[in-house]
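The values are calculated or read from the model by the stated rules, or taken from the named source; none is laboratory data. A quick note: this is a predicted structure, and the numbers were derived from the prediction, not measured. In this analysis, Cβ positions are derived from the backbone assuming ideal geometry, glycine residues included, and neighbour counts consider all displayed protein chains. For accessibility, only protein heavy atoms count, side chains too; no ligands or nucleic acids. Shrake-Rupley method; radii C 1.70, N 1.55, O 1.52, S 1.80 Å.
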Amino acid sequence: MNIRKKKQLSILFIFIYTGLYYIFLITWKSNEGVLSLVGNFLSLFGCFIAAIWLYTATKESEKTERNFWLLLLLGTSSTFIAEFFWHFYENILKIDVPFPGLPDLFYLLQIVFYFVAITYKLSGTKRKYHFTKFIFDLVIVMTVASTFSWHFLIHPTIAAGDVSLFPLVVSLAYPIGDLVLLAGIISVYFQNQLVKENKLLYLLFIGLLIQIFADSYFLYLISIDGYSSGSLIDPLFILAILFVGLTGVFKKTETTLNQTDERAIHKTGVFRLILPYLTVTFLFVFMIYRNTNTDIVTIGSAISILLVMIRQIFIVSENQQLLQQLHKKKEQLEIGKKRYKSLYEYHPDAVYSLDLKGRFESVNSACAKLLASDKEELIGISSSNFILEKDHKKAYAHMEVVMRGQAQNYEISLRDSVGQTYIANITNIPILVRGKLVGIYGIAKDITENKQNEEKIQFLAYHDALTGLANRRLLEDSLVSATTQNEPFAIMFIDLDNFKKINDTLGHDVGDKLLVSISEKLRKCVNKDTLVARNGGDEFTILLKGISNREEVSQIANDLINTLIQPHVINDDNVLSSPSIGIALYPFDDTNPSGLMNKADLAMYQVKSEGKGKYKFYVEK
């Protein structure tokens with residue numbers, strides 16, 4: 001299920017759930033037993049769904065955001081526990097829910113967890129002045145709310161002697177706590193005004209507004225002894241919880257800046273600045289309207305004014321620091337631009353940028369030199385023009401990955417504007433602005449010489465440096481491979497007669513050239529799939545595969561002797577050197593590679609002892 005559909009279904013669920021809850025309350029309002037049982041079940045179910053949404057958000061969040069979602073989950077879980085205890089008292093124990101009691105403890109814990117979550121969210125801005133202003137905003141709101149609560153509720157109730165102080169304080173803790181949460185979420189909203197988290201904050205704001213209304217009306221019903229389980233305000237408590245849980249469905253991980261103009265930012269800042277003064281102004285208007293002597297309202301107003309003034313000092317202090325920081329940021333930005341320009345222009349490798357169609361937008365001097373072009377000529381030209389046709393598909397495949405926002409590193413063959421080809425190591429990096437791909441950075445390094453050296457090293461690891469034939473390492477590997485195929489093959493061990501004498505009389509230079517000449521003739525005597533190796537010195541080995549009988553091997557051995565006994569023209573002189581050849585057959589003489597080599601060597605020494613210049617098959621004595 002895609003994210004958009006999940007969001008739509010979640011919103012639809014909330015509306016259907018709330019509607020069914022109210023239909024049930026209205027339909028069964030005359031049956032208190034059913035009303036209490038099913039109503040409590042619906043409340044538990046709503047809290048459970050909200051907790052599931054928040055648990056999913058907690059599990060999928062990054063480490064830096066996980067604590068925020070965990071605190072919201074704990075607050076919602078506290079409400080679930082409170083609803084469970086309410087159900088336990090009413091439907092299992094069949095008694096009135098005590099007030100204050102265990103449900104109230106967990107209901108208030110919900111407010112505490114939500115408050116800590118909001119505080120954590122605000123502290124995430126990592127700016128101490130934001131957090132300080134947040135605390136002052138909360139204290140101002142609490143002072144104003146407490147003042148009105150004392151005037152309208154607490155003092156009249158205490159004076160009338162109708163209720164004890166503790167239950168009244170617990171009752172007042174709900175709306176006052178909700179007001180504190182509301183002030184907190186407003187502060188968080190303005191601190192994150194330029195961040196794409198507005199939907200989450202809207203949902204939290206709506207949920208808290210609903211909860212404030214429900215708690216306030218609940219307090220009123222309690223004060224007139226008019227609340228009973230199954231009241232029409234019950235669904236509102238769960239609706240508030242569901243809106244908080246819905247933030248888990250709308251969770252965003254990105255923090256990309258919105259495209260907001262300066263005027264909008266300014267308006268946001270002004271409204272944010274005057275918000276704490278509005279509550280104090282309202283308190284002053286009320287005080288003037290009452291027109292009484294000094295009392296708790298006047299004292300509360302004075303305290304609020306003092307707090308606002310202290311807060312204003314912090315604002316002015318922060319503004320001064322912000323101006324200083326802005327000046328420093330401008331200097332740092334200017335220095336950063338110059339450093340970037342120097343790094344870009346004087347980088348020893350080719351550095352360039354491409355648009356989304358793969359055309360050059362900028363190149364440094366090294367890039368222009370690599371492509372044998374002028375900078376101005378490259379701008380607007382497609383980079384694919386310089387890629388060899390055989391690597392076009394490879395390049396497009398990597399570019400598709402880069403277009404999805406992932407950096408790529410690969411090797412590719414290029415041809416510059418004058419036709420010279422080379423191998424380059426390419427690194428492509430996506431250019432993201434506000435989360436949107438706008439282009440591609442690239443770094444190209446000519447690695448032709450490195451690749452050639454790698455190939456040379458790889459060749460020398462398995463070939464003789466003088467003759468270019470396979471060396472003993474490659475021969476041994478080939479023998480092991482041949483024995484695993486269980487097909488007949490022959491090993492010819494060749495030693496040159498009188499080679500030491502040639503070296504001593506004519507010199508090592510002539511001896512080396514003789515080895516090269518013999519190597520070339522050996523290659524011509526066998527097919528291209530036959531392995532010819534130089535073991536070292538004047539010893540050679542031939543691995544003959546696909547043989548059908550000894551006569552075929554004998555024919556090849558005769559051809560080799562007839563070819564090698566012919567004079568070798570070296571430095572305008574004819575040099576003669578006959579070969580002695582020993583032959584071992586797999587699997588008749590041995591099945592082990594080293595055993596075969598030893599027996600071919602023994603057969604060759606038998607030829608040496610019997611007159612040289614011939615071939616001989618291994619014969620076990």
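Buried (at least 18 other Cβ atoms within 10 Å of the Cβ) and of a type in the set (Ser, Thr, Tyr), is that true of residue 505? No.
Just the residues that are of a type in the set (A, V, I, L, M, F, W, C) and within 15 Å of residue 442 (Cα to Cα), please, taken from region 362-380. Selection gives 363, 366, 367, 368, 370, 371, 378, 379. Here residue 528 clears all of (1) more than 60 Å from the chain's Cα centre (by Cα); (2) open to solvent by 80 Å² or more (accessible area, probe 1.4 Å) except the condition numbered (1). Checked against the criterion of being out of contact with any Gly (no Cβ under 8 Å at 6 or more places or on another chain), small (Gly, Ala, Ser) and at pLDDT 75 or above, the candidates 101, 124 yield just one match: 101. Inside region 401-415, residues that are more than 27 Å from the chain's Cα centre (by Cα) and β-branched (Val, Ile, Thr) make up a count of 0. Taking the stated definitions as given, is residue 77 part of a helix (DSSP H, G or I), small (Gly, Ala, Ser), under 27 Å from residue 120 (Cβ atoms) and open to solvent by 30 Å² or more (accessible area, probe 1.4 Å)? When the stated conditions are applied, residue 77 passes them.
Among the candidates 461, 490, the residue that is modelled with pLDDT under 90, touching a Leu at 6+ places or on another chain (Cβ under 9 Å) and over 28 Å from residue 344 (Cβ atoms) is uniquely 461. Within region 454-477, residues that are of a type in the set (Phe, Trp, Tyr) reach partners that are open to solvent by 80 Å² or more (accessible area, probe 1.4 Å) with beta carbons closer than 7 Å, at six or more positions or on different chains, in the pairs 462/473. Selection of region 429-448 for residues being without any contact (Cβ under 8 Å) to a residue 40 or more places away in the chain and not hydrophobic (A, V, I, L, M, F, W, C) yields 430, 436, 448.
Results for (1) closer than 29 Å to residue 249 by Cα; (2) touching a strand residue (DSSP E or B) at 6+ places or on another chain (Cβ under 9 Å); (3) at pLDDT 70 or above; (4) surrounded by fewer than 19 Cβ atoms within 10 Å (Cβ to Cβ), shown as yes or no for each residue.
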position	(1), (2), (3), (4)
170	no, no, yes, yes
178	yes, no, yes, no
181	yes, no, yes, no
195	yes, yes, no, yes
210	yes, no, yes, no
222	no, no, no, yes
228	no, no, yes, yes
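The selection criterion, being in contact (Cβ under 8 Å) with a residue 24 or more places away in the chain, over 17 Å from residue 522 (Cα atoms), open to solvent by less than 70 Å² (accessible area, probe 1.4 Å) and among the β-branched types (Val, Ile, Thr), does not hold for residue 575. For region 32-74, the set of residues classified as open to solvent by less than 70 Å² (accessible area, probe 1.4 Å) and outside any helix (DSSP H, G or I) consists of 61 only. Selection of strands (runs of 3 or more DSSP E) fully inside region 408-449 by the criterion of at least 3 residues being touching a helix residue (DSSP H, G or I) at 6+ places or on another chain (Cβ under 6 Å) returns 408-415, 421-433.
I'd like to know if region 416-429 contains one or more residues that are surrounded by 14 or more Cβ atoms within 10 Å (Cβ to Cβ), polar (S, T, N, Q) and within 20 Å of the chain's Cα centre (by Cα). Yes, the conditions are met somewhere in region 416-429.
Region 524-606 holds strands (runs of 3 or more DSSP E) entirely within its bounds, and those carrying 3 or more residues that are over 21 Å from residue 470 (Cα atoms) map to 568-570, 573-575.
Might you check whether a residue that is open to solvent by 20 Å² or more (accessible area, probe 1.4 Å), at pLDDT 90 or above and within 22 Å of residue 568 (Cα to Cα) occurs anywhere in region 539-552? The answer is yes, given that some residue of region 539-552 is open to solvent by 20 Å² or more (accessible area, probe 1.4 Å), at pLDDT 90 or above and within 22 Å of residue 568 (Cα to Cα). Here residue 497 clears all of (1) of a type in the set (D, E, K, R); (2) open to solvent by less than 20 Å² (accessible area, probe 1.4 Å); (3) closer than 17 Å to residue 596 by Cα except the condition numbered (3). Take the conditions (1) surrounded by fewer than 17 Cβ atoms within 10 Å (Cβ to Cβ); (2) within 19 Å of residue 613 (Cα to Cα); (3) in contact (Cβ under 8 Å) with a residue 60 or more places away in the chain; residue 534 misses just one of them, which is (1). When residue 465 is tested against (1) among the small types (Gly, Ala, Ser); (2) exposed (fewer than 12 other Cβ atoms within 10 Å of the Cβ); (3) touching a Lys or Arg at 6+ places or on another chain (Cβ under 7 Å), only condition (3) is not met.
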